[in-house]
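Here the structure comes first, spelled out in C-alpha cells, and everything after it is commentary.
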Amino acid sequence: MDLERPSVARIYDWYLGGTANWAVDREFGKKVLSTFPAGAQCAKANRAFLHRAVRHLVRLGVRQFVDIGSGVPTMGNVHQVADEVAPDSRVVYIDHEPVAVAHSRILLERHGDPGRHAVIHGDLREPDRLWHAIADTGVVDLDAPLALLVTAVMHIQQLGPDGRDLGPEAIARYRGMLPPGSYLALSQLTHEGLPEDIAGQLHAVIRMYDSDVSKHVLRSNAEITALFGDFALLEPGVTWTAAWRPEESGPDTPVIDFADPSEAAMLAGVARKP
C-alpha cells in the first residue's frame with residue numbers, strides 16, 4: 001500500500017465519515033472541500049442512491065449482487081441493505097484498492113456469511129479474469145440473473161497500457177456476460193447540466209485529482225446513458241443520484257438535501273438486460 005499518496009477509496013471513505021483513511025487522504029479531502037464545499041454531500045448522495053437501488057432490485061426479485069469498486073465498507077454495505085428485505089441475498093465485493101479489500105474482509109469475517117458473501121481484489125479493466133474469479137467464489141451463480149453495481153467508479157479513468165480509457169469497453173463486456181434478466185446499476189460524475197458555480201468547482205477538483213491522485217473523466221448524459229447499451233432503463237431513467245427513486249429510502253439511508261438535484265453532480269440509472 002502506498003501511504004505517501006492519497007487514495008481515491010480512502011478519500012471517499014473520509015467524505016462518508018469513515019475511519020479507514022490516513023492523514024494524507026484527509027488533507028487532500030480537506031483541500032477538495034475548500035474548493036468544492038458540496039463534495040462530501042455528493043458522495044453521500046451517491047451512497048444513498050446505491051442503497052435505494054439495492055432495495056428496489058431486491059423488491060424486483062434480485063438475490064445476487066456483484067459490486068465492482070465497492071470501496072471501503074462505510075455507511076451501509078450492499079449485503080446489509082439487501083438483508084433488510086431478503087436475508088437470503090448473496091453479494092460479491094470487488095475493489096482494486098488493498099485497504100478497501102482488507103477492510104471488507106475484516107467486516108465479512110465479523111458480520112458476514114462465507115456462503116453468501118465474498119470479497120475479491122480485482123480490476124474492472126479485466127472483465128474475463130474478474131468473471132472467472134467471481135465464479136470461483138461459489139457465492140453467486142453467473143448463469144442466473146444478478147445485479148452488477150458500478151457506482152462512482154466510471155469517472156476514474158480506467159487506463160490501459162496504451163493510455164486509452166478502457167472503461168466503456170469493459171462495461172460493454174460485462175453487459176455481454178450478464179445473464180438475461182440481470183440488471184446494471186451505475187453512477188458517474190458529469191460535466192453537463194450543472195449549476196455554473198458547481199461546474200467550476202468540480203472542474204477545479206478534477207484537476208487536483210488528476211495531479212495528485214488519479215486521472216478522472218467526466219461524461220455527458222448521452223455518454224453515461226450509452227454505458228447501459230441496449231438494456232431497458234428503469235424509471236426514472238438516467239437522472240441525478242439525489243432524484244433516483246427517493247421513495248426507496250430506508251431508515252438507515254440519509255436524506256441528502258440539495259437546493260436542486262443537479263447539485264449532486266452525479267448521474268445514475270438502473271437498467272435490465274432483456
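Report yes if Ala40 is in contact with a strand residue (DSSP E or B) (Cβ under 9 Å, 6 or more places away or on another chain), in contact (Cβ under 8 Å) with a residue 24 or more places away in the chain and part of a helix (DSSP H, G or I), otherwise no.
Taking the combined requirement at face value, the residue does not satisfy it.
Given the options Ser70, Ser7, name the one that is of a type in the set (Ser, Thr, Tyr), closer than 18 Å to Val140 by Cα and either crowded, with 23+ Cβ neighbours inside 10 Å or in contact with a strand residue (DSSP E or B) (Cβ under 7 Å, 6 or more places away or on another chain) (or both).
Testing whether each residue is of a type in the set (Ser, Thr, Tyr), closer than 18 Å to Val140 by Cα and either crowded, with 23+ Cβ neighbours inside 10 Å or in contact with a strand residue (DSSP E or B) (Cβ under 7 Å, 6 or more places away or on another chain) (or both) leaves just Ser70.
Restrict the check to segment 113-127 and report whether at least one residue is part of a helix (DSSP H, G or I) and modelled with pLDDT of 95 or more.
yes
From the list Ala185, Ala199, which one is modelled with pLDDT of 95 or more, of a type outside the set (S, T, N, Q), open to solvent by 10 Å² or more (accessible area, probe 1.4 Å) and not in a loop (DSSP other than H, G, I, E, B)?
Criteria check complete, one pass: Ala199.
Please enumerate the residues belonging to segment 219-269 that are buried (at least 20 other Cβ atoms within 10 Å of the Cβ) and either farther than 20 Å from His191 by Cα or touching a His at 6+ places or on another chain (Cβ under 7 Å) (or both).
Thr253, Ile256
Output the residues belonging to segment 76-95 that are of a type in the set (Gly, Ala, Ser) and open to solvent by less than 10 Å² (accessible area, probe 1.4 Å).
Selection gives Ala82, Ala86, Ser89.
Among the residues of segment 254-274 satisfying the criterion of being closer than 18 Å to Arg55 by Cα and assigned to a loop (DSSP other than H, G, I, E, B), which is modelled with the highest pLDDT?
Ile256
What are the residues in segment 146-182 that are more than 19 Å from Leu50 (Cα to Cα), open to solvent by less than 20 Å² (accessible area, probe 1.4 Å) and of a type in the set (Gly, Ala, Ser), if any?
Gly160, Gly167, Ala170, Gly181
Determine, yes or no, whether Leu124 is free of Cβ contacts under 8 Å to residues at least 60 places away in the same chain and open to solvent by 20 Å² or more (accessible area, probe 1.4 Å).
Considered against the rule, which asks whether it is free of Cβ contacts under 8 Å to residues at least 60 places away in the same chain and open to solvent by 20 Å² or more (accessible area, probe 1.4 Å), Leu124 comes out as no.
Answer yes or no: is there a residue in segment 103-119 that is open to solvent by less than 20 Å² (accessible area, probe 1.4 Å), closer than 14 Å to Ile134 by Cα and small (Gly, Ala, Ser).
Yes, there is a match, as at least one residue in segment 103-119 is open to solvent by less than 20 Å² (accessible area, probe 1.4 Å), closer than 14 Å to Ile134 by Cα and small (Gly, Ala, Ser).
Inside segment 1-28, can you point out the residues that are of a type outside the set (D, E, K, R) and over 22 Å from Val255 (Cα atoms)?
Met1, Leu3, Pro6, Ser7, Val8, Ala9, Ala20, Asn21, Trp22, Ala23, Val24, Phe28 - these are the residues of segment 1-28 that are of a type outside the set (D, E, K, R) and over 22 Å from Val255 (Cα atoms).
Which of the residues belonging to segment 204-253 are outside any loop (DSSP other than H, G, I, E, B), in contact (Cβ under 8 Å) with a residue 24 or more places away in the chain, under 21 Å from Asp165 (Cα atoms) and of a type in the set (S, T, N, Q)?
Asn221, Thr225
Among the residues of segment 127-145, write down those that are crowded, with 19+ Cβ neighbours inside 10 Å and either touching a Leu at 6+ places or on another chain (Cβ under 7 Å) or of a type in the set (Lys, Arg) (or both).
Ile134, Val140, listed by residue number.
The values are calculated or read from the model by the stated rules, or taken from the named source; none is laboratory data. If you're wondering where the values come from, they're calculated on a predicted model, not measured in any experiment. Cβ sites come from the backbone with ideal geometry, for glycine too, and all protein chains shown count toward neighbours. Protein only, heavy atoms only, side chains kept; ligands, DNA and RNA dropped before computing areas. Shrake-Rupley method; radii C 1.70, N 1.55, O 1.52, S 1.80 Å.
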